[in-house]
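**Student:** Starting off with a structure, shown below.
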Amino acid sequence: MRRIFSFTLLIFGTMALGSAQAQPQILTSIKPLQLIAAAVQDGVGEPDVLLPVGASAHHYSLRPSDIRRLHQADLFYWIGPSMEGFLVEILKQRPTGTQAVQELPDLQLQYFGDSDHQHDAETDHADAEHKPGSLDAHLWLSSVNARQIARRMAEDLSQLDPSHAQTYQDNLAAFIQRLDQLDQRLKQQLTPVADKPFFVFHEAYNYFEQVYGLAHRAAFHFSEENTPGARYVAQLRTQLQDAGPSCLFSEPPVRPRLAQSLTQGLPVTLAELDALGGSIPVTAQGYEQLLEQIAQSLSRCLSTL
């Protein structure tokens, strides 16, 4: 009897292992795409992410373990060449199962324009990814685009794993419904502060602002490796001074060294916005929490002005 029980356990254990292994393995380049995938794959599998928290999506050196994960994944989603240029060559070795989401149909895309930037010859080289006319690749911060990305993920998963197709479609419908409700809440939350002035160190929030009726005054472009000159700093201080009480947002984990000296003596509150959701848990509701966190950070600072 004990042998039969042990054998039964072995059979069921092997079946469970085979079932687990049969689930599609999703890998995404950055965490926001992982959060969208987690909503679609909820109850079936758990998506993985390539870049660790804090790594630059523009400049990252792939490790051998990263390359192995790229080859092992059934489906890989990345923003595209406009964001993760370091992936272009290696992805030529993945002829199928790869989707640059910037190429999906029906996305609402934005492009950087001359009016969106405060340009200066000495700092343009530090912001090569945000040149006028280039695609604004921070497209995941639009809930409209997130719906389209989720639709593509649900379609791909349903084809790859038809036994769970209904679950993926149900998850997609629930995700879209939650986003519809979230959009209404965030618009109500942010409407009272829509006219308050704020500035950013990273030109990343245009999509979010478009959906929820906000507009930053200017983006201050410089990097830790390229300290701007006195003339440029003076120009930035003039903009802050002219705006009166305002908020200036940096991104974690590092606040630019010049933030304190730039705002010294001015009625400017320093705060943070996290476009990548580094602290957000990977759950079916993670993407909504990412948008909620950004909205809370904005409203918390702007409501004090």
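**Student:** Take segment 73-89 and flag every residue that is over 22 Å from Ala154 (Cβ atoms) and in contact (Cβ under 8 Å) with a residue 24 or more places away in the chain.
**Tutor:** Matches in segment 73-89: Ser82, Met83, Glu84, Gly85, Phe86, Leu87.
**Student:** Would you confirm, using the coordinates I've provided, whether Tyr168 is crowded, with 16+ Cβ neighbours inside 10 Å, farther than 21 Å from Gln296 by Cβ and in contact with a helix residue (DSSP H, G or I) (Cβ under 7 Å, 6 or more places away or on another chain)?
**Tutor:** Judged against the criteria, Tyr168 is a match.
**Student:** Looking at segment 235-247, I want the residues that are closer than 8 Å to Phe199 by Cβ and have a partner that is assigned to a helix (DSSP H, G or I) and among the hydroxyl-bearing types (Ser, Thr, Tyr) with Cβ atoms under 9 Å, at least 6 apart or on another chain. Which pairs are those?
**Tutor:** Pairs that qualify, where the first residue is closer than 8 Å to Phe199 by Cβ and the partner is assigned to a helix (DSSP H, G or I) and among the hydroxyl-bearing types (Ser, Thr, Tyr), are Leu240/Thr263.
**Student:** Continuing with the same structure: Just checking, which of Asp183, Asp242 is in a helix (DSSP H, G or I) and either surrounded by 14 or more Cβ atoms within 10 Å (Cβ to Cβ) or under 19 Å from the mean Cα position of the chain (by Cα) (or both)?
**Tutor:** Asp183
**Student:** Failed condition for Phe249, given (1) assigned to a strand (DSSP E or B); (2) under 22 Å from Ser82 (Cα atoms), with all others met?
**Tutor:** (2)
Every number in this text was worked out from the coordinates using simple rules, so none of it is lab data. These numbers were taken from a predicted model, which means no experiment stands behind them. Positions of Cβ are generated from backbone atoms using ideal geometry, with glycine treated the same way; all protein chains shown enter the neighbour counts.
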